[in-house]
2 protein chains.
Amino acid sequence: MSKKDNPVVQEIRTISQRIFDEIVALRQPEMTSPLRSLSNVSYDEKAGYFETTGKMKTRTMTASTVKSFAQSLLMMNESKKLVETDDIATKREMYYISKNWGEARFHEQPESDSVMDDIEAMVGMNREQLGFIPEEKGGDVAGKLVVIDKDSDTGKEIRIDCTKFGSGAYSVPSSVEELQFETKADFILAIETAGMFQRLVKHNFWKKKNCILISLGGVPTRSCRRFIRKLSDDAKIPVYAFTDGDPYGWLNIYRTLKVGSGNAAHINKFFCVPSAKFFGVTADDITHYKLPTHPLKDVDIKRVKDGMKNDPFVIHYKPWQKALTDLVKMKKRAEQQALAKYGLNFVISDYLPQKLEDPKTWLP
Amino acid sequence: MSKKDNPVVQEIRTISQRIFDEIVALRQPEMTSPLRSLSNVSYDEKAGYFETTGKMKTRTMTASTVKSFAQSLLMMNESKKLVETDDIATKREMYYISKNWGEARFHEQPESDSVMDDIEAMVGMNREQLGFIPEEKGGDVAGKLVVIDKDSDTGKEIRIDCTKFGSGAYSVPSSVEELQFETKADFILAIETAGMFQRLVKHNFWKKKNCILISLGGVPTRSCRRFIRKLSDDAKIPVYAFTDGDPYGWLNIYRTLKVGSGNAAHINKFFCVPSAKFFGVTADDITHYKLPTHPLKDVDIKRVKDGMKNDPFVIHYKPWQKALTDLVKMKKRAEQQALAKYGLNFVISDYLPQKLEDPKTWLP
C-alpha cells in the first residue's frame, strides 16, 4: 500500500480539504467529534464494549477558538507526516514538537493530549494508527504464538516464536497495528501480576495446556489490550482473565480489558476484548478454596458502590452484581498468590486445570 | 552441579548445623547479619558501590525472639527446597506459604520481607540466588546480544537473539542468575523511558552504532540492574545511561543503577553497575542545546539538598555537585523527549552520536 493511499492520510486530506473549501467560500469552518465523557457511554452485550451514545461537540473557528483550531490542524499535519515517513511519536514528543509552532505552541502536555484525543475521535481511528504511541510499553508474552513483524529498515518479515524465550518473554511494542499472528493455541490466559506470569512461564504452563500467556502488569496498557484484541480476533480463540479477587482486579483490570473504559469510549471498539471471560479469583473461589484473605479497604468498598451504581458493565451483568455484593458481605479480598497456601504450584496442578474444565465457575 | 552442592544449600546447611549444635550443647543459638541502614553505608570508587561499614546485629534466641528465630529457620528451609527443586517464589508467595506455619505464620508481608532481607544479608547472597524473585519484572532489551537460557523441562540450551524482535523486545525475567551472554556490541545504552527506547528500536539505532539497548522503565528493577551488571561484566563493555535531566533521573535512576541504594547495601555488590557513565540529559545539555524546560519542582530541590548533604555518591563526585548546583541555579529541568524540539530523530542523528564522540560531556 502506498503511503498516499493510507486511510489516515486520506481522512486527514478529506477533513483539511473541507476546512479549506469553507474558508475559501468565506464560511466559518467547523470541526466535529463525539463528546468524550463517562455519562455519554452505553453497554450493549452484542457490540461487546462501551459505546458513545452519539452526542457530538462542534468547534467553530472564531476569534476565541482560532488557537485550538490551528493546533488541531498542525497536529493533523504531524500525524500525516508520521504516517507518510513510517515514524512514530509519543504523546510527550508531540507536545515538544509544538514548541516550534510559535504562538500556537502548547504550554502544558494536557493541552496537547486533549487535542490528540479530539483528533482521534474526529478521524475515527486510534492514535496509534495516527502515528502517536503511548509512553508506556505493552505486556509480556510467552507460549504457543508466532508474532510476525517486519524489519523497519528492509521491510523484511521477522518471525518471533514466543516458545523460544526460556524464562524471559516477548515484550509487546508500543504500537501493534502492523503485527500479524500465527498460532494453534487453544486459549489466551491474561494474568494480572508479573510474579504469577513468571511462575507459569517457569513451569512451561503454556506447553502443558497449549496456550498463550500474557502478563498484564496491572491495568493493561493500550498496546497490551490492542495486542490481545487483534490476537483473539485473528486466532478466534477465547481469552481468560486471571486477576486478584478484589474490586480493582475485577472492575479496573478485567472490565477495562473486556469492554474498555468510560473516558475513552470513542476508541473502545479498537481496544476492548469482548470475548474475554473471567477465570478468577472469584468471590466463590475465596470460599471454595478457603483462601487467606485481607480485609476489604475503604477504597475497595467505594469502588464497589460506584460500580453498582454507575458502571454500565456491572449494571448489565447480574453475576457481577452478586460477586461484588458477596465480597462486600465477606468484607474480604484475596490475591492470586493466596493459592500458594496449598503449595506454590497448586495453581498449575489444580486451580487452573479445574477452571478450564468447569465454565460454571467463570464470570462473564 | 548437583543440587546438593549448590552454594546456597551448603550455606544454609552450615548455618543450621551450627544452630543445631548450639542447641544440643544447651547454649543459646545466635544469628548474625549486617546492620541494614542508610547511615551504615560508605562509597569507595574502587569498589564501585555502596558498602556497609561493617556494623552487625546479632539475634539471640530467647523467649521473646523465639518466633522470629523460628520464622528465619522455616524460611531458610523454604529457600533450600526452592533451590533443590529448581523452583521460584515471589516475596508475596513466600508470605502466603507461611500461612501453614501455625503460630509462626506472618500476619503482614512487611514482616516476612524483613526476615527475607535478614537471611539475604546473613547468607551473603542475593535473594534471587535463594529462589525468591521480585513481583515486578525486569527491563526490555533489543540489539546486538544473544541471551543463553535453558528450557526448564529439558535443561536444553535456548539461544535468544535480541536482533530478531522487530519493533518488540526481549523482556528480562524476574531472575537472571542462570543467564549467559554472547555479544560483540561496543556498548550498552540504558534508557529511562519506554517511549525513547521504542524510538531507538524503531530506527534500529543498535544496528547503526553496534550496541545493546535496554529500557529501564524508570528506576530499574533488581532483575534489570542485575542483568546489566552481569552483561557488562561478561562482555566487558561500557554502560551509558540516558535519563531525563532532573534530580530524579540523576539520583534515583542513574545513581541506583551505578552504585546501588542505601537501604539494601548488603546486596549492592550484586546489583550495582560501577562501570556506568552518564550520557545525559546533563545540566550543560540544557544550556548547550537550548532545550525546552520545566520549572524545578519543590520535591526536586529537596532531592538535590538531601543528595548534597547525605548521599555518599554525590559527596564523592565534584562534577555531580556542580551539575546539581547548576540545575538549582537555573531552576529548570529537561526531559529526554525535549530533544524532539529539533525534530523527532535529532536524538539519533545528532545528540547520541555527539555524546559517543565526546566523553568530556559525560558525568561519572
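The values are calculated or read from the model by the stated rules, or taken from the named source; none is laboratory data. Every value quoted in this text rests on a predicted model; they were computed, and no experiment measured them. Neighbour counts run over all protein chains shown; Cβ positions are idealised from the backbone, glycine included.
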Discussion item. Tell me the residue from A:S64, A:S112 that is farther than 14 Å from A:I12 by Cβ and touching a residue at least 40 places away in the same chain (Cβ under 8 Å), please.
Written reply: A:S112
Worksheet entry | Number of the exception - A:N40 against (1) within 24 Å of A:I97 (Cα to Cα); (2) within 24 Å of the chain's Cα centre (by Cα) | (1)
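Filter the range B:146-179 down to the residues that are surrounded by fewer than 15 Cβ atoms within 10 Å (Cβ to Cβ) and either in a strand (DSSP E or B) or within 8 Å of chain A (Cβ to nearest Cβ) (or both) and list them by number. Give the derivation first.
The initial filter retains those residues of the range B:146-179 that are surrounded by fewer than 15 Cβ atoms within 10 Å (Cβ to Cβ), namely B:148, B:153-157, B:159, B:161, B:178.
Across the range B:146-179, the qualifying residues are B:I148, B:D153, B:E157, B:R159, B:D161, B:E178.
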Discussion item. Just to be sure I understand the filter: pairs with C-beta atoms under 6 Å, separated by 6 or more residues or on different chains, first member in the range A:292-303 and in contact (Cβ under 8 Å) with a residue 40 or more places away in the chain and within 14 Å of chain B (Cβ to nearest Cβ), second member part of a strand (DSSP E or B) and crowded, with 16+ Cβ neighbours inside 10 Å. Which pairs pass?
Written reply: A:T293/A:K332; A:T293/A:A334; A:H294/A:R333
Fill in: Tally, over the range B:318-340, of residues that are of a type outside the set (G, A, S) and buried (at least 19 other Cβ atoms within 10 Å of the Cβ)
9
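Restricting the range A:55-86 to residues that are of a type in the set (D, E, K, R) and away from chain B (no Cβ under 11 Å), which is surrounded by the most Cβ atoms within 10 Å (Cβ to Cβ)? Spell out how you get there, then give the answer.
Looking only at the range A:55-86, we keep the residues that are of a type in the set (D, E, K, R), and these are A:55, A:57, A:59, A:67, A:78, A:80-81, A:84, A:86.
The next check asks that each one be away from chain B (no Cβ under 11 Å); those that pass are A:55, A:57, A:59, A:67, A:80, A:84.
Working: A:K55: 11, A:K57: 13, A:R59: 16, A:K67: 15, A:K80: 20, A:E84: 15.
Per the criteria, the residue is A:K80.
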Fill in: B:V176 vs. criteria among the β-branched types (V, I, T) and farther than 16 Å from A:K202 by Cα
no
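Name the strands (runs of 3 or more DSSP E) wholly within the range A:16-55 that hold at least 1 residues that are of a type in the set (V, I, T) and in contact with a Pro (Cβ under 7 Å, 6 or more places away or on another chain)? Please lay out each step first, then the result.
Values: elements: A:30-34, A:41-43, A:50-52.
Counting at least 1 such residues, we get A:41-43, A:50-52.
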Worksheet item: For the range B:129-143, what are the residues that are in a loop (DSSP other than H, G, I, E, B) and either at the interface with chain A (Cβ under 9 Å from one of its Cβ atoms) or buried (at least 22 other Cβ atoms within 10 Å of the Cβ) (or both)?
Response: B:L130, B:G131, B:P134, B:E135, B:E136, B:K137, B:G138, B:G139
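Mind listing just one residue for me: the one in the range A:87-103 that is more than 9 Å from chain B (Cβ to nearest Cβ) and surrounded by fewer than 23 Cβ atoms within 10 Å (Cβ to Cβ) and, of those, nearest to A:G131 (Cα to Cα)?
First, the residues of the range A:87-103 that are more than 9 Å from chain B (Cβ to nearest Cβ): A:98, A:101-103.
With surrounded by fewer than 23 Cβ atoms within 10 Å (Cβ to Cβ) added as a condition, the list becomes A:101-103.
Working: A:W101: 19, A:G102: 23, A:E103: 24 Å.
If we take residues in the range A:87-103 being more than 9 Å from chain B (Cβ to nearest Cβ) and surrounded by fewer than 23 Cβ atoms within 10 Å (Cβ to Cβ), then A:W101 is nearest to A:G131 (Cα to Cα).
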Item to complete: Among the helices (runs of 4 or more DSSP H) lying completely within the range B:278-364, list those that include at least 1 residues that are within 24 Å of B:T256 (Cα to Cα) and among the polar types (S, T, N, Q).
Response: B:298-310, B:318-330
Worksheet item: Looking at the range B:117-126, which of the residues that are out of contact with any Ser or Thr (no Cβ under 6 Å at 6 or more places or on another chain) and surrounded by fewer than 22 Cβ atoms within 10 Å (Cβ to Cβ) is farthest from B:M31 (Cα to Cα)?
Response: B:N126
Item to complete: Among the residues of the range B:174-219, write down those that are more than 23 Å from A:D151 (Cα to Cα) and not β-branched (V, I, T).
Response: B:S174, B:S175, B:E177, B:E178, B:L179, B:Q180, B:F181, B:E192, B:L216, B:G217, B:G218
Worksheet item: Restricting to the range A:195-218, what's the tally of residues that are closer than 11 Å to A:V141 by Cα and within 11 Å of chain B (Cβ to nearest Cβ)?
Response: 4
Worksheet item: Quick one: is B:Y240 on the phi < 0 side of the Ramachandran plot, at pLDDT 95 or above and hydroxyl-bearing (S, T, Y)?
Response: yes
